[in-house]
Amino acid sequence: MSQKNETTILALALLLTVGIVGGGFWWFTNNGVKIGNNIIPNQEPGSNPSLQDRISFGEKSLTPGDISPVKKEGVQAIAAKSYDKAIANFTAALKLNRNDPEALIFLNNARIGSSKSYTIVASVPFGTDPNVSLEILRGIAQAQNQVNSSGGVKGVPLRVGIANDDDNPEIARQIASTLVSNSEILGVVGPNTSDSTLAAGTIYTSGQLVAISPTSTSVKISNFSRYVFRTVPSDFMAARSLANYMVKTLQKKNAVVYFNSQSNYSQSLKSEFVSSVSLEGGQISSEFDLSKADFSAAKSVEQATKQGAEVLMLAANTATLDKALQVIQINQKRLTLLGGDDVYTVKTLEIGREQAAGMVVAVPWHIDGDPKSDFPQKSRQLWGGDVSWRSALSYDATVALIAALERNPTRAGVQQALTSSDFYTSGASGTIRFLPSGDRNAPVQLVKIVPGSRSRTGYDFEPVR
């Protein structure tokens, strides 16, 4: 490929990337925040909220950008303990934006008012990745709304707080310290990334407060702590599924891997894939670090081709997704594409388009993966659209905490329930039970990018049958 063509493709990819935020299938406007393939404003440049400003039970909105006047009135009403007014405001706000999980959580908290409740907190990266945060919160909000609508946890309603950790391990640790010091908080859903979960997990462990991550997949989390659990399968499961598909189904033996050496998740997925391919009888001819300053998509694809690679495996994380998308553009469908769950975003469909068609990605769950589940229908009724795997696994994390609270609504009781050999409950993605390692023994769903209309990009992720 000529230098001129490479420059043109990279410029196009970067131009498309600006302002496009993916993660699930959301095509609505949420309180002035564009979801899906539109712009979501982040916090003002240089802003660094205090710890107090990062946690809310309804008295302030953490959603980036402007919120609707009626939602703002609801937030002010909760802050003033005018709960009836807050209920009316948030009900009206949800009529304007039915897919706003923060508004639904605040509405349920307003209904509780100052009454007795059991409290959990979601730790999400609102400031740096609002789309992922909204996906996670939809699952939590659905579970809270469901249990409170049916009488609560043995008659006691569930209150949900939201903490913005920015996917920053140090901030996640500080938030964990704050949550641990509040004795009313009985469990945490999150953090989102493996790095933040490992960092905050040490605090949750010392404070004996359970945290269940719905999205952290690093193998380092297995056996990390008796207080850190996850509802998402580990990278070992995803890597094994992708390697098996590559060698057995595609009949291809030679791959190169793209990863970010600065990400626990990306490192974990890369290492597990390398091992799994070797066990399947294949080989990895090169590893390319997307985080390096001198990384070149064109040179890497050229090198892969010269080495006889048949497959490009993209173990990119959110921070390096743009570079992975450059690889997809440069590849021009010459070599087969595989990817990890961070590649499962609308951005990949929007920018990859025809060049990404046929790519197979390993995800924990897909809305069309289990025809017997009633969760897809219920979530569509609530939100007016399809939810992603992050919503489903966050729903499962919340349902697990609810089931543990039903056994014993104390911090020690929640931990004992989740580690009990007879603990199980039903979630969006099937039965939820935890191994002694804190992992959930759950399968992985392979999905393929195909032409379609659901995402409104012209392409969709559909289950590999």
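Data overview
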| read-out | value |
| --- | --- |
| Theoretical ellipticity at 222 nm over the chain - DSSP helices of four or more residues, -39500 (n - 2.57) apiece, nearest 500 | -12500 deg cm²/dmol |
| FRET efficiency, 1/(1 + (r/R0)^6) with R0 41 Å, evaluated for Glu170 and Lys248 via beta carbons | 0.45 |
| In nm, spacing of pseudo-spin labels at Ser115 and Ser183 (7 Å Cα→C-beta vector) | 2.4 |
| Equivalent ellipsoid semi-axes, the range 133-209, via Cα gyration tensor eigenvalues times 5, rooted, Å | 24, 15, 9 |
| Cut-off 17 Å, label 7 Å out along Cα→Cβ of Lys448, residues of the range 299-338 by amide N | 311-312, 333-338 |
| Förster-model FRET efficiency, 56 Å R0, Arg98 and Glu287, C-beta, rounded to 0.05 | 0.80 |
| Hull shadow area, averaged, the range 112-159 [alpha-carbon convex hull, nm²] | 3.6 |
| The chain: C-alpha gyration tensor shape, a/c 1.5 cut-off, then a/b vs b/c | prolate |
| Area accessible to solvent at Tyr258, 1.4 Å probe radius, in Å² | 0 |
| Gyration tensor (alpha-carbon) shape descriptor, the range 53-136, a/c threshold 1.5 | oblate |
| The range 289-400 shape via C-alpha gyration tensor axes, a/c threshold 1.5 | prolate |
| Inter-label distance for Ser261 and Leu51, nm, one decimal - labels placed 7 Å from Cα along Cα-to-Cβ | 3.4 |
| Spacing of the two label points (7 Å from each Cα toward its C-beta) at Thr410 and Lys299, in nm | 6.1 |
| Sequence of Asp100, Asp439, Asp322, Asp84 when ordered by accessible area, the most exposed leading, probe 1.4 angstrom | Asp84, Asp322, Asp439, Asp100 |
| FRET efficiency for Lys81 and Asn223, using Cβ-Cβ distance with R0 set to 41 Å, rounded to 0.05 | 0.40 |
| Protein-only accessible surface order, largest first, of Ile203, Ile140 at 1.4 Å | Ile203, Ile140 |
| Descending principal axes extents, the range 249-345, alpha-carbon based, whole Å | 31, 26, 24 |
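The values are calculated or read from the model by the stated rules, or taken from the named source; none is laboratory data. All values derive from a computational prediction rather than experimental measurement. Reconstructed Cβ throughout: ideal geometry from the backbone, glycine too, with neighbour counts over all protein chains shown. With ligands, DNA and RNA removed, areas are computed over all heavy atoms of the protein, side chains included. Shrake-Rupley method; radii C 1.70, N 1.55, O 1.52, S 1.80 Å.
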